[in-house]
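**Q** A single structure is presented below for examination.
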Amino acid sequence: MPDCVLSTLQDKLQQWASNPTTSYELDEELNKYQHLNRAEAARFFGVEKNNICLTDNTTMGCNMTLLGLNFRLDDKVVTTNHEHNAIKSPLQVVQARQGLRIETRAFPPAKELRTMSSTQLLDFLFPNIPALQGAKALCVSHVYPTTGVRLPLRLLRQKADELNIPYLVVDGAQAMGMVDLGKQGDSLENCDFYAGPGHKWMNGPPGTGVLYIKNAGIRPPEFYPMVSQRMSKYTDCGNDTEICFPMAEALQVRGCSNTPGFAAMITAMQFIESAGGSARVEKHILGLAQKVKSIILSRSPGSMISPHADSALQSGLSAFFPFRWDRPEVSYQDKETADRVVQALMKKDIQVRSIGFDNSGSKGPGSDTAYAIRVSTARFNSAGDIDTFSAALQEVLKKLP
């Protein structure tokens with residue numbers, strides 16, 4: 001966290017601790033309705049206050065959405081085999097309770113994925129076929145933690161419309177704070193629901209997040225306010241929508257929340273703006289990621305996983321299979337080797353991740369789990385950090401058997 005974010009968190013926590021009742025009921029930044037902080041978050045993303053609910057994290061936002069939508073018997077959703085549990089788990093709950101049908105589309109294997117264009121990938125994942133048409137929701141990630149693929153939101157919206165799918169639900173855990181969500185191709189307004197965290201690429205405090213709801217006036221029976229104290233605001237107002245709460249506000253009022261954290265998350269957004277804004281941050285992050293990809297492509301192009309041919313699919317996450325430095329045509333996809341490389345790099349203070357994913361493509365889910373190295377380039381990183389990583393990686397890979 002930047003110093004200014006940490007300072008806000010400490011100051012607001014001290015303020016809360018000194019007078020919790022007044023803070024909860026009356027303070028502009030710390031009260032239960034969060035009008036000010038929701039308005040500030042909305043301004044940052046280029047939307048309206050009543051489109052924004054502040055949450056604890058991405059998982060909370062995804063659960064609010066998928067458990068709130070009124071799925072009926074034999075409704076179906078479309079998703080992929082690379083989703084995080086923040087999407088998978090609530091879908092499994094609805095499947096177990098209500099018989100929801102889940103159409104899981106498999107990503108292509110890495111050897112195909114790395115050179116695809118955005119149009120090719122979306123046509124592969126979501127073809128216009130009867131099995132996908134008329135689903136109730138398309139549930140995907142904006143940036144995938146497995147491969148670093150970024151799916152452009154505007155093209156996703158077009159796919160959902162083409163397939164006659166009314167709801168586009170997006171997990172933005174690896175995008176919020178890294179991708180400029182105000183530009184047309186990746187605007188939040190392309191989505192019906194978008195959940196993201198304040199603590200990852202935003203560099204805010206833990207226990208903070210944002211849920212965007214496009215239709216501020218959505219209400220039961222179309223959508224129910226899960227994790228809320230305000231269901232009565234929809235049962236008592238009847239058909240008079242003028243006196244009903246906006247759904248984001250209904251979800252916001254849920255007892256005592258991490259309001260000091262929300263105030264600090266707003267400071268994190270202001271810090272991004274002071275550094276030149278989201279577009280500049282995205283350019284910096286993706287520029288560093290491209291340097292990482294170039295290191296791998298120049299030595300072992302067959303080990304690359306993340307797309308590199310189409311900039312619209314690129315993110316600040318770069319994934320590749322470990323390979324032998326002296327024989328770069330030899331790569332490894334097993335967990336033991338990936339973990340070994342990660343542990344060796346961690347000892348050199350290079351923080352990367354070992355990540356497993358389904359690499360089966362059309363062969364069927366779960367038939368070919370592969371393990372890779374995932375590198376994240378954040379806004380606080382520099383070109384010098386990439387040089388340090390490159391030297392350390394070369395040293396580690398030279399020791400592979």
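Read-outs: derived from the displayed coordinates by stated rules, not from any lab. Just so it is clear, the structure is predicted and the values come from calculations on it, not from any experiment. FYI the Cβ positions are ideal-geometry reconstructions off the backbone, even for glycines, and counts take in every protein chain you see.
**Q** For the stretch 254-389, go through all pairs of different Cα atoms, get the mean of 1/r, take its inverse, and jot down that Kirkwood value in Å.
**A** Every distinct Cα pair counted, the radius reaches 17.0 Å.
**Q** Another question, if that's okay. In degrees between 0 and 90, to the nearest 10, how far off the longest principal axis of the chain does helix 85-98 point, with axes built from Cα atoms?
**A** 60 degrees
**Q** Let me ask something else. Can you run the Rg to Rh ratio on the stretch 3-63? Use alpha carbon positions and the Kirkwood inverse-distance Rh.
**A** Rounded to two decimals, Rg over Rh is 1.01.
**Q** Can you find, among Thr235, Asn359, Met60, the residue sitting farthest towards the positive end of the charge dipole of the chain, where Lys and Arg contribute +1 and Asp and Glu -1 at Cβ?
**A** Asn359
**Q** Another question, if that's okay. Stokes-Einstein D for the chain at 25 °C, 0.890 mPa s, Kirkwood Rh over Cα pairs, in µm²/s?
**A** Rounded, D is 111 µm²/s.
**Q** What are the principal axis extents of the Cα atoms in the stretch 262-334, in Å, biggest first?
**A** 50, 24, 19
**Q** Let me ask you something else. Expressed as an acute angle from 0 to 90° and rounded to the nearest 10, what is the orientation of the C-alpha long axis of helix 153-162 relative to the principal long axis of the chain?
**A** Computed tilt is about 70 degrees.
**Q** Identify which of Thr147, Thr59, Thr119 has the largest mean-square fluctuation in a Gaussian network model of the chain, with springs joining Cα atoms closer than 10 Å.
**A** Highest fluctuation of the listed residues: Thr119.
**Q** In angstroms, what radius of gyration and Dmax does the stretch 61-123 have, counting Cα atoms only?
**A** 14.1, 40
**Q** When every alpha-carbon pair in the stretch 162-264 is counted, what percent end up more than 22 Å apart?
**A** Above the 22 Å cut-off, the stretch 162-264 has 41 percent of its Cα pairs.
**Q** Moving on. Name the lysines eligible as straight-distance cross-link partners of Lys12: C-alpha to C-alpha under 19 Å, and not fewer than 8 places from it in the same chain.
**A** Lys12 reaches Lys32.
**Q** How large is Rg over Rh for the stretch 1-124, taking Rg from the Cα atoms and Rh as the Kirkwood inverse mean of 1/r across Cα pairs?
**A** 1.12
**Q** Something else about it: Mind checking which of Met176, Gln120, Pro205 is farthest towards the positive end of the chain's charge dipole, using Cβ charges of +1 (Lys, Arg) and -1 (Asp, Glu) about the Cα centre?
**A** Result: Gln120.
**Q** Which listed residue (Ala86, Asn51, Asn37) has the Cα farthest towards the positive end of the charge dipole for the stretch 3-274, taking +1 on Lys and Arg C-beta and -1 on Asp and Glu C-beta about the Cα centre?
**A** Ala86
**Q** Would you kindly derive the ³J(HN,Hα) couplings of the stretch 40-47 from the backbone phi angles with the Karplus curve 6.51 cos²θ - 1.76 cosθ + 1.60 (θ = phi - 60°), listing them in order in whole Hz, with x for Gly and Pro?
**A** 5, 5, 4, 4, 4, 8, x, 10
**Q** Give me the dipole magnitude in Debye, nearest 20, for the chain about the Cα centre, with unit charges on the beta carbon: positive for Lys and Arg, negative for Asp and Glu.
**A** With only Lys, Arg, Asp and Glu charged at Cβ, the dipole is about 1020 debye.
**Q** I've got another one for you. So for each of 189-198, 97-106 I average, over its residues, the number of other beta carbons within 10 Å; can you give me the resulting order with the highest mean first?
**A** 189-198, 97-106
**Q** May I ask for the angle, rounded to the nearest 10°, between helix 335-347 and the longest principal axis of the chain, with both axes built from Cα atoms and the value confined to 0 to 90°?
**A** Result, in degrees: 80.
**Q** Calculate the radius of gyration of the Cα atoms of the stretch 302-373 to one decimal place, then report Dmax, the largest Cα-Cα distance, as a whole number, both in Å.
**A** Final numbers for Rg and Dmax: 13.1, 39 Å.
**Q** Here is a further query. Near Lys293, which lysines are there with a Cα under 22 Å away, not counting those fewer than 8 places off in the same chain?
**A** Excluding near neighbours in sequence, the set is Lys111, Lys200, Lys283, Lys335, Lys348, Lys398, Lys399.
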